[in-house]
Structures are given as C-alpha cells and as structure tokens.
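For reference, the structure is listed below as structure tokens.
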Amino acid sequence: MRITTAKIIQKLRQATNLVREKDFGGLALLFAGSIPKSIFYISRVVITRSQSIPNFPSPQNVLFRRLHPSELLPVDSLPLSEWDSAEALQRWFTNELAHHRDGFVATLGEKVIAYAWVAYSQHHIPEVKFNLPLEADEACTYKSYVDPQYRLSRVYAGLAKFIFTDLRQRGIRWFVGYGDHYNRHSIRTHQRMGYEIVGWIMLVEFLFLSLQLRRLRSESDRFCWSFGLRSRKSLMEPYREDYSRGLAPP
C-alpha cells in the first residue's frame, strides 16, 4: 500500500484525538496498521443504530437520487485508490445494484460529489469478516464517500436525510451504521445524527491464526468469540483500504 502525505497527516490527527481522549486501546489499533497485514492484522468496528436523524437543511444546487439498476455513472472524477480503473469502479457499482443493494448519490451538475450504499437482510463487514444480520425493518449504510471539497458542507447530511426519507417510505424503521474504533470523527458524526452505539466487533489475525470477538445488543450483549485458521485468501491478498467505513464520511 502506497503511503501518501495525506494518509500520514490523517493518522497523526487520529492519534492526537485518541491521546486527547485517553483511548490508548484505540491508539494501539491505529498503529498496528503499520505492520504488514499478511503477518498481523487487527480491526475493531463500532456498530451504531438509530430510528431517526435531525432534519438537516439541504445545500443549494445539489441533487439527491437513488440509482437505477445497470445505471452508468460519470465515475472518472471519483478516487480510484482501491480500484485499478474507473471501469473497475463502475463494475463494482453495477454489481452492487445487481445484488439488490441500493446506491444513493449527490450530484452537482454532472459531477458525483457524494454517494452511499445501503444493504438489507444482512451486510458483510470485510474489515472484521462478519455477516451482520439485519431485521426486515433495518437497513445498513456502508461504502460512503464525499468529495474532499464538500466534506465540511451539508452535502452528506442532506444525502443521509434523503436516504432515510426514501427508506422510510419502503418500510425501513431502523438505520444501522459502523465505523472504525479509532476514527473518532466517524463515531461522533454518528452520534450527532442521532445514532447510539449498540456493540462492537473485533478481528485479530496473526500469521495463520484468526480470532474474532464481538459484543452486540442484538445478541443480548453477550460476549462471543470464534477461533480458527486464517483463510488462504487473506494471506495472499492483504486487506485493502476503503475510502471510508460505515455511515460517516472520512
């Protein structure tokens, strides 16, 4: 994975926030990411849930909509940090739509400046290799992105409000999100939007061994764990960074 100046600055900001909050466990998780993932991998995600969010005002001139199946998007302007090409990113979009997931976008003119995806029934969280079950009236938001020029604007809040309004009309009453434990900005954004923390999931992998730990309100707050051999695929293909994880923009 290529280390850029922007990523170094982001890590330092996250570390500063964790030290300020005396979250030394989160600090350890953050810097564990500097170890090659084929040798040691650790990730902890925080699960959040909400039944409503504040009525955020929408920015002017920005349009929100749900994607149609097989729709082609102008993805050339989107970041390709985990994709080989714009065509590969477009194929991913098309594949998600084909598997009965919904994509929502915010556009300014012809440019996509934000998007988010929604899963139903269950959602696989790759960072911790866990299939999160969802009730019939629940939906999980994931794979969110906001153009860097608009991350301090109301674009994502407006998109989130549009998504929730659309889902409510289709019988969804609860909205589930998740974010990295050390990404305090993401967790605080969840909470400002009315979400509460309802559990966590952790994955630790060392050489050929894999340990998964979790505690979820949906499982009566019981501490659960599983232990086994690490899959060959995760050894051969170390985990790739995502633009952002869970509901909140990076």
Considering residues of the range 17-38 that are assigned to a helix (DSSP H, G or I) and surrounded by fewer than 11 Cβ atoms within 10 Å (Cβ to Cβ) only, the residue modelled with the highest pLDDT: 20
Just give me the residues in the range 114-144 being out of contact with any helix residue (DSSP H, G or I) (no Cβ under 9 Å at 6 or more places or on another chain) and either part of a loop (DSSP other than H, G, I, E, B) or of a type in the set (Val, Ile, Thr) (or both), in sequence order. 120, 121, 125, 126, 127, 128, 134, 136, 137
What residue, of 199, 194, 177, 171, is among the small types (Gly, Ala, Ser) and over 19 Å from residue 119 (Cα atoms)? 194
Log entry, pairs with first residue in the range 130-142 being in contact (Cβ under 8 Å) with a residue 60 or more places away in the chain and closer than 13 Å to residue 178 by Cα, second being charged (D, E, K, R) and buried (at least 21 other Cβ atoms within 10 Å of the Cβ), beta carbons closer than 9 Å, six or more apart or on different chains, reads 130/214; 142/245
Return only the number of the condition from (1) in contact (Cβ under 8 Å) with a residue 24 or more places away in the chain; (2) assigned to a loop (DSSP other than H, G, I, E, B) that residue 179 does not satisfy. (2)
Verdict on residue 89 being over 30 Å from residue 214 (Cα atoms), in a helix (DSSP H, G or I) and within 18 Å of the chain's Cα centre (by Cα): yes
Identify the residue in the range 137-170 that is at pLDDT below 95 and among the small types (Gly, Ala, Ser) and, among all such residues, is surrounded by the most Cβ atoms within 10 Å (Cβ to Cβ). 160
Of the residues 107, 94, only one is more than 24 Å from residue 30 (Cβ to Cβ), touching a residue at least 40 places away in the same chain (Cβ under 8 Å) and over 18 Å from the mean Cα position of the chain (by Cα); which? 107
Is there a residue in the range 167-188 that is in contact with an Asp or Glu (Cβ under 8 Å, 6 or more places away or on another chain) and among the polar types (S, T, N, Q)? yes
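The values are calculated or read from the model by the stated rules, or taken from the named source; none is laboratory data. Please read all numbers here as calculations on a predicted model, not as lab measurements. Ideal geometry is used to build each Cβ from the backbone, glycine not excepted, and the neighbour counts take in all protein chains shown.
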